[in-house]
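For reference, the structure is listed below as C-alpha cells.
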Protein chains: 2
Amino acid sequence: MGSTYAVIMAGGAGTRFWPASRSLKPKQLLPLAGGDEALLAATVRRLRGRLPADRIYIATGAHLLEATAAAVPEIPRANLLAEPVPRNTAPCIAWATNTILRRDKEALVAVFPADHFIGDEAAFLLCVDQALDGARRGYLTTIGVVPTRPETGYGYIEKGDPILEPLCDVARFVEKPDRERAELYLAGGKHLWNAGMFFFQAKLMADAVRTHLPELASGLQKVEDAAPRGDEAKTLAAVFPNLPSISIDHGVMEHERRLAVVPGDFGWNDVGSWQSTWELATKDAAGNAMPTGAVTVEANGNLVCDLRTSGGKRVYAFVGISDLVLVETDDAVLLLPRERAQDVRAVVEALKARGDGKLL
Amino acid sequence: MGSTYAVIMAGGAGTRFWPASRSLKPKQLLPLAGGDEALLAATVRRLRGRLPADRIYIATGAHLLEATAAAVPEIPRANLLAEPVPRNTAPCIAWATNTILRRDKEALVAVFPADHFIGDEAAFLLCVDQALDGARRGYLTTIGVVPTRPETGYGYIEKGDPILEPLCDVARFVEKPDRERAELYLAGGKHLWNAGMFFFQAKLMADAVRTHLPELASGLQKVEDAAPRGDEAKTLAAVFPNLPSISIDHGVMEHERRLAVVPGDFGWNDVGSWQSTWELATKDAAGNAMPTGAVTVEANGNLVCDLRTSGGKRVYAFVGISDLVLVETDDAVLLLPRERAQDVRAVVEALKARGDGKLL
C-alpha cells in the first residue's frame, strides 16, 4: 500500500458570511471559528498531525489561487489545484485523484472540506485513522457525524451492518430530510450527518469515476494526456467548463456497493452561517460574544464581529438587544437576528441587483 | 427702551447622546438634527435673523469655552460667558443679565436653550418678536410650545387670560405630569410646553432676582463689584460654586406675578434623545434613517448615525431589524431600541463605574 495524501476542497464562495466573505475572500480564508486562524489554515494544521505538507493538496478556484497560497504558505505551490470554474465535488475529487495517482499508483486519499470546524482534534484524527483503515480495506469510506439535533439542513448517511468496529456498511445516502424525518433519524441512532469527508484508494476512485461518470473520466483523461507535454493548465481550462457538474455523493458514492462509514463525534460544526460563529464563540454569562470591553445592559445572545482592518479598538455598548448579529468590515456593516442568519443571501442578492460588485 | 440682546444657554452635558456626546463635546456642539450644522450654530444662525452677532451672548461651561468659540466663530469672544461650574439656569441667566446691564441699562434680553430644533424658523422669529413685545410691556415673558402629544417629560405652562393677543397671562407653571394629566392638558388646550425660553427687561429680571433669590443677587454683586477692577474672572471662580443651584422657573418665574406667555407652534423639538434624532431625520418609506446606499430587507424604523471621522463610507445592511438605533463613532458603537433611547444613561453610568473616563 502506498502513502496517504489529503485533498482539501477549498473552492467555496460563502455568501452566507457577507460582509466578511467576498468573492475573493471566501469563508475558508476567514477566521470564522474564533481566534485568528482561518478555517483553511486550521484544516491544514489538523492534518499536519498525520501528514507532511507535501502530501496535502488543496483544490480551489483559479481566482483564489494567490489568496489560498498566502493563507497556507507551508503547502508547496505545486499542490495547489486551481479549478478554472467550479464544477461541484466530483470533478474536483476526480482530478485531484488523478493528479495524486501520477505520483503514487498505490496512494490512499483523504478528502476534506476546507471550511468546517472540529472541536476535538484528537478524536477527529482517530476517526481519520479508522476511515483510512476502511480505505485500505478497499472501501470508499466516509466519516458520518453523530447528530446532536434534528437538523434539516444536512444530508444523512444511514449506517448498515458493522464491518469491523467502528467501520460499518452504508445502508444508503439520504437527502436533506424534513423536520419529522430528521426527528426520527435522531431518535433512531442509525443516521449520521454527511460531512463531506471521503477516504479511498486512488485507483479505486479512478475506477469508480470511469464506471459511473464516464464523461468526467474521459474529459479528465485529456488533462492526463496533456500533463507529460507540460500542457496541463491549458487543457484543463478547455476541458473543465465542459465537465458534468455533479457531487461525488450523487455521481459516485450512491452507485458504489463497497462503501463504509465511521461514526464521528468530535465537535463538528459546518460553520454554515453567522449562527454557527456564535455557537462556536466564547460567550459571556448572558450569551454575548462581543469584543473585549463591551458594555451590555439587558442584552443577551448577541454576536459582534469587528473585522475592520483600520481604525482603533472600539467599545460596543448594547442596551436591551437580544440575539442579534452585528458584523463590521471596512466597507460594510451587517445587522440581523441570529435566527435569520441565512438571510444574508438577500443582502448579497440586493447588492448584485444594483450592480454593487465591489462589495461582493 | 434699549436694544435687544440674546443669551444662549449652552452648558448642557447631554449624556443621552453618548457616544456622540462627550463631556468635552456635548449635545449642543453636535449636528443632531440632521445635516452638518451643530445645534448651537443653528440657534445662533436663527437669531442672526434679528440680532447682530455682538448682541448675542453664549453662557457655557469653562471647560467648553474653546470648543464653543470654535463652533460659533462669529460671536465675539467677550460675549462667551464661562461658568466655572454648572449651577442651573437662575445663576446663569442672572449673571448674563448683569453683564448685559453693564452695557445697556435699558436692555431687553431673550434667553434660549442652545440645543433645541426649530422646524419653522419664520414662525419662531414671529413668536420671538411677540414675546419681546411682552417684555417691552414689562412682563417676564415665555414662549410656550403648543403640545402635539401627551408628553410626560416636559414641564407645562397653563395659559391665563389674554393680555393682548397672542400674549396671555400665565395661570401657573406645572411640573412634569403623569400620563393621565398630560392627556387632560393636551385635550384642554390651555397648557403649553415649557421650552426654556425667557424674554424680559434686564433691569426687571435683576430686580426679580434681588427679590426672590437674594443670596444669588448678593453673590453676583461681588462679581459686578470686581468687574471694574478687571478682577471679574477670579471673583467669579470664587463666588459661582457657592451660588444656589436653582432653575429660573423655580427661583424666579413661579414667584412673579407679571408673567406672560406666547403660544408657539413652529416645529419645536427638544432633541432629547436618539429618538428625537430619528423623528427629525429624513427617512425612507419604511421609516429608516440610514446612510446613503443602505440595504434594507424587512427593516423598519431604524436610525443609523455614522459619526466616524476616519475610515471610508460603508454600506449598512439591515435584515429583519426594526426600530433600533445604531450609532458609530471612532471609539464606540451603541445599539439599542429607539423606545429605550433614554437608557443610554445606563451605558454612561457603566463606563463611569469602571473608570473608563476617556469614553465619557
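What follows is calculated from the coordinates using simple rules that are stated; it is not laboratory data. Every value quoted in this text rests on a predicted model; they were computed, and no experiment measured them. Don't worry about glycine lacking a Cβ; one is built from the backbone with ideal geometry, like all the others, and counts go over all protein chains shown.
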| What residues qualify as long-range amide H neighbours of A:Val295, i.e. H under 5 Å apart, gap of 5 or more or another chain, H built at 1.01 Å from N? | A:Tyr316, A:Ala317, A:Phe318
| task | Considering the rotation that carries chain B onto chain A, locate the chain B residue whose Cβ comes closest to its axis and report the distance in whole Å. | result | B:Gly311, 2
| remark: Counting sequence-distant residues (5 or more places) and residues on other chains, those with an amide H built under 5 Å from that of A:Tyr57 are A:Ala6, A:Val7, A:Ile8
| What are the ³J(HN,Hα) values, in whole Hz, obtained from phi via the Karplus relation 6.51 cos²θ - 1.76 cosθ + 1.60 with θ = phi - 60°, for each residue of the stretch A:155-170 in sequence order, with x given for Gly and Pro? | x, 10, 10, 8, 5, x, 5, x, 8, 7, 3, x, 6, 10, 4, 9
| said: From the phi angles alone, apply the Karplus equation (6.51, -1.76, 1.60; θ = phi - 60°) to the stretch A:51-64 and give each ³J(HN,Hα) in whole Hz, x where the residue is Gly or Pro. | reply: 10, x, 4, 7, 10, 10, 10, 10, 9, 8, x, 4, 5, 9
| query | Among A:Gly11, A:Gly230, A:Gly311, which one shows the biggest mean-square fluctuation in a GNM of chain A, springs joining Cα atoms closer than 10 Å? | reply | A:Gly311
| request: Would you mind giving the mean number of other chain beta-carbons within 10 Å of the Cβ of each residue in A:290-298, as a whole number? | output: 4
| remark: Taking N as the residue count of the stretch A:213-355, its alpha carbon Rg divided by 2.2 N^0.38 Å gives 1.61
| remark: Here the correct list, in nm and shortest first, of distances from A:Val146 to the same site in the other copies, label points 7 Å along Cα→Cβ, is 7.4
| How big is the stretch A:274-359 by Rg and Dmax over its Cα atoms, in Å? | 13.7, 42
| request: Please turn the phi angles of the stretch A:310-316 into ³J(HN,Hα) values with the Karplus equation 6.51 cos²θ - 1.76 cosθ + 1.60 (θ = phi - 60°), one per residue in order, whole Hz, x for glycine and proline. | output: 10, x, x, 4, 10, 8, 9
| remark: What helix-only [θ] at 222 nm does chain A give? Using -39500 (n - 2.57) per DSSP H run of at least 4, over all residues, to the nearest 500, the answer is -9000 deg cm²/dmol
| task | Output, in nm with one decimal and in ascending order, the distances from the B:Lys313 label point to the matching label points of the other copies (7 Å from Cα along Cα-to-Cβ). | result | 3.2
| In nm, one decimal, shortest first: how far is the label point of B:Arg258 (7 Å from Cα along Cα to beta carbon) from the matching points in the other copies? | 11.2
| Dipole moment magnitude, nearest 20 debye, the protein assembly as shown about Cα centre, only Lys, Arg, Asp, Glu C-beta charged | 1120
| message | Net charge around B:Phe173, counting only other residues with Cβ within less than 15 Å of its Cβ (Lys, Arg = +1; Asp, Glu = -1)? | response | +1
| query | Given q = 0.26 Å⁻¹, what are the Debye log10 I(q)/I(0) values for the stretch B:265-311, with equal point scatterers placed on the Cα positions and solvent ignored? | reply | -1.00
| Normalised contact order of chain B, rounded percent, pairs of Cα under 8 Å and 6 or more residues apart | 20
| Solvent-free Debye scattering, log10 I(q)/I(0), computed from the Cα coordinates of chain A at q = 0.10 Å⁻¹ | -0.66
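When the convex hull of the C-alpha atoms of the protein assembly as shown is computed, what volume per residue in Å³ does it have?
186
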| message | Taking the Cα centre as origin and putting +1 on Lys and Arg beta-carbons and -1 on Asp and Glu beta-carbons, what dipole magnitude results for the stretch A:275-360, to the nearest 20 debye? | response | 200
| Choice from B:Asp284, B:Asp54, B:Asp323 with maximal GNM fluctuation in chain B (Cα, 10 Å cutoff) | B:Asp284
| query | Whose amide H sits under 5 Å from the amide H of B:Trp268, counting only residues 5 or more places off or on another chain, with H placed in the peptide plane? | reply | B:Gly119
| Taking the Cα centre of each part, how many Å lie between the stretch B:15-50 and the stretch B:162-204? | 26
| query | Which of these, B:Thr329, B:Thr99, B:Thr43, has the largest mean-square fluctuation under a Gaussian network model of chain B (Cα springs below 10 Å)? | reply | B:Thr329
| query | For the stretch A:103-235, what log10 I(q)/I(0) values come out of the Debye formula at q = 0.19, 0.21 1/Å, with one point per alpha carbon and no solvent? | reply | -1.16, -1.28
